[in-house]
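Accompanying notes for the structure given below.
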Amino acid sequence: MRKTAVVTGGASGIGRAVAAGLVRRGVHVTIADVRGAEDAAAELGCAGAVCDVSDAQAVRDLVTGVAAEHGRLDFLFNNAGIAVGGHAEEFTLDHWNRTIDVNLRGVVHGVHAAYPLMVEQGYGHIVNTASLAGLTPAPMMLPYTATKHAVVGLSLALRAEAAAHGVRVSVVCPGFTDTPLLDNANPGLPQTEIGRHARTVAVRAQGRLYPVESLAGDVLRGVARNQALIVAPASARATWRAVRLSPALAVRAAGSALRRVIG
């Protein structure tokens with residue numbers, strides 16, 4: 001029987017690249033997004049659904065509907081997210097609340113819908129997209145950084161609990177990747193100078209944006225190996241190791257990098 005996957009945020013960027021890789025592997029994929037899902041699905045040869053991950057009932061309906069249709073749910077990729085950038089003093093509560101609603105509650109809603117189902121099945125793999133910003137002291141995007149740290153913590157704790165039920169959990173922590181998120185920072189929110197030039201800031205910070213297709217390959221290999229943390233590219237892994245070695249030094253380095261990037 002073909003395996004089944006749901007990929008949120010699947011109309012573009014990381015989600016679309018992961019969905020394409022799954023389709024090539026013969027997985028029955030349903031991509032979900034607030035817009036563009038049906039067009040992307042037609043191009044990839046899979047199913048598409050409109051879904052706002054901040055709506056718990058919509059996520060539940062999506063997940064349970066796919067599981068009921070196919071008799072199983074093998075993978076849930078909680079990938080939907082938004083990018084938020086700016087100085088800490090510039091952020092309004094709308095910035096914070098919207099980021100929490102999508103980047104954190106969206107993952108919670110996916111887990112809440114899929115995990116009990118997978119426990120009942122006795123198998124399944126939940127893959128949550130966080131960020132290198134969830135492993136490091138990443139300034140200039142505090143709401144984003146806070147939610148991604150939360151997603152990492154949620155994922156690792158759930159992984160420890162889920163193993164007894166045959167359910168796997170992984171968390172993806174990419175460095176700056178070449179996705180449309182960088183061209184749409186602070187969506188529907190008050191704009192900032194950093195948000196307006198997010199792509200330029202990312203290039204200055206990392207040097208070269210990681211191709212989304214390469215990241216998708218890393219993700220699918222990591223999932224196949226049941227890795228707890230999937231950190232890519234190599235420069236992101238080096239940064240992560242440095243933070244683990246000396247958190248205090250990492251904070252100072254982040255401040256120095258910030259001054260270099262924004263002048």
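Some notes on this structure:
- Our note on the geometry: Cα centres of region 8-59 and region 156-213, 17 Å apart.
- The ratio of the alpha-carbon radius of gyration of region 98-194 to the globular-protein estimate 2.2 N^0.38 Å is 1.19.
- Counting other Cβ atoms within 10 Å as a rough exposure proxy, the listed residues Lys148, Lys3 run Lys3, Lys148 from fewest neighbours to most.
- Cα-derived Rg to Rh of region 152-196, Kirkwood definition: 1.23
- Counting only Cβ charges, +1 for Lys and Arg and -1 for Asp and Glu, the dipole size of region 57-161 around its Cα centre is about 160 debye.
- Of Ile31, Val63, Asn226, farthest towards positive along the dipole that unit charges on Lys, Arg, Asp, Glu beta carbons give the chain: Asn226
- Semi-axis lengths, Å, the chain, gyration tensor of Cα atoms, sqrt of 5 times eigenvalues: 30, 20, 17
- Model label points for Ser256 and Val50, set 7 angstrom from Cα along the Cα-to-Cβ axis, are 5.1 nm apart.
- Relative contact order [Cα under 8 Å, 6+ residues apart], the chain, whole percent: 19
Every number here is computed from the coordinates shown, using simple stated rules; none is lab data. Predicted model, so just to flag it, every value in this text is computed and none were measured. Note that each Cβ is placed from the backbone with ideal geometry, even for glycine, and that neighbours are counted across all protein chains shown.
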